[in-house]
Amino acid sequence: MGIFDLFRRKQQPLLDVFQPSLNPGEVRAAVPGFAKNVMHAVHRFAVQFYRDIHSHDSDGFPAVREELCYLLFFSTDRRIRELYGPDLAEEAINAVRSALTRELSAADSGFSATAFWQVYTERVAAYSAGDGMPLPREKMVVAFNANLLARLHDWGKLVAFHGAAIAAEALTFLEGEHAGSTAQDR
């Protein structure tokens, strides 16, 4: 966090756009703006990660961006399923997925949607407990960091430290301060 971040007005979590009181049309209308905001956040946090590790080697940037997308999409999926009935939740999640695919394709001409979403299914397993229940935020950060380390193995401790910090900050930006933690954690 930079010095100017201290003086900014506290921003609402991105997921606050989805409220239980929204009707299906309002949920559909919220998706494109939400996806665009998520991609801005992903880019911001990926750049921040590179600043934090003081690296000018941008070869790993797509991996950082993708891992952040997986983490934030998983959290979004989980929240939408908590807020809405199965039909509306599935429709909203598919719409977010399509919008994120368009955003990622626009950001990277070499983007492969098929490969990206196949890897995402692997990340779901990492972000879910053995019984299929989502993990608390802290454990999601650990899973994110393990995936990032596997992809950026050359930087070891630097990636481990800053990866966990970026994942926690990105989840807070998406969900808010206490969302995703268990009642025992609060």
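The values are calculated or read from the model by the stated rules, or taken from the named source; none is laboratory data. These numbers come from a predicted model, not from an experiment. Positions of Cβ are generated from backbone atoms using ideal geometry, with glycine treated the same way; all protein chains shown enter the neighbour counts. Heavy atoms of the whole protein, side chains included, go into the accessibility calculation; ligands, DNA and RNA do not. Shrake-Rupley method; radii C 1.70, N 1.55, O 1.52, S 1.80 Å.
Values computed for the structure shown
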| read-out | value |
| --- | --- |
| Residue selected from segment 39-75 under the condition β-branched (Val, Ile, Thr), farther than 17 Å from Ala113 by Cβ and open to solvent by less than 30 Å² (accessible area, probe 1.4 Å), by the criterion modelled with the lowest pLDDT | Ile53 |
| Considering residues of segment 9-28 that are over 17 Å from the mean Cα position of the chain (by Cα) and open to solvent by 80 Å² or more (accessible area, probe 1.4 Å) only, the residue modelled with the lowest pLDDT | Arg9 |
| Verdict on Val142 being farther than 28 Å from Pro32 by Cβ, of a type in the set (Val, Ile, Thr) and at pLDDT 75 or above | yes |
| Inter-residue pairs, beta-carbon under 6 Å, first within 14 Å of Leu83 (Cα to Cα) and in segment 1-30, second at pLDDT below 95 and of a type in the set (Asp, Glu), 6+ apart | Leu15/Glu175 |
| Close pairs from segment 79-92: first without any contact (Cβ under 8 Å) to a residue 12 or more places away in the chain and assigned to a helix (DSSP H, G or I), partner open to solvent by less than 30 Å² (accessible area, probe 1.4 Å) and among the acidic types (Asp, Glu), Cβ under 9 Å, at least 6 apart | Ala89/Asp77 |
| Qualifying residue in segment 99-108 (condition: at pLDDT 90 or above and charged (D, E, K, R)) | yes |
| Any chance Phe34 is in a helix (DSSP H, G or I), surrounded by 12 or more Cβ atoms within 10 Å (Cβ to Cβ), at pLDDT 95 or above and among the aromatic types (Phe, Trp, Tyr) | yes |
| Segment 173-186, residues that are farther than 13 Å from Leu68 by Cβ and either among the acidic types (Asp, Glu) or modelled with pLDDT of 65 or more (or both) | Glu175, Gly176, Glu177, Asp185 |
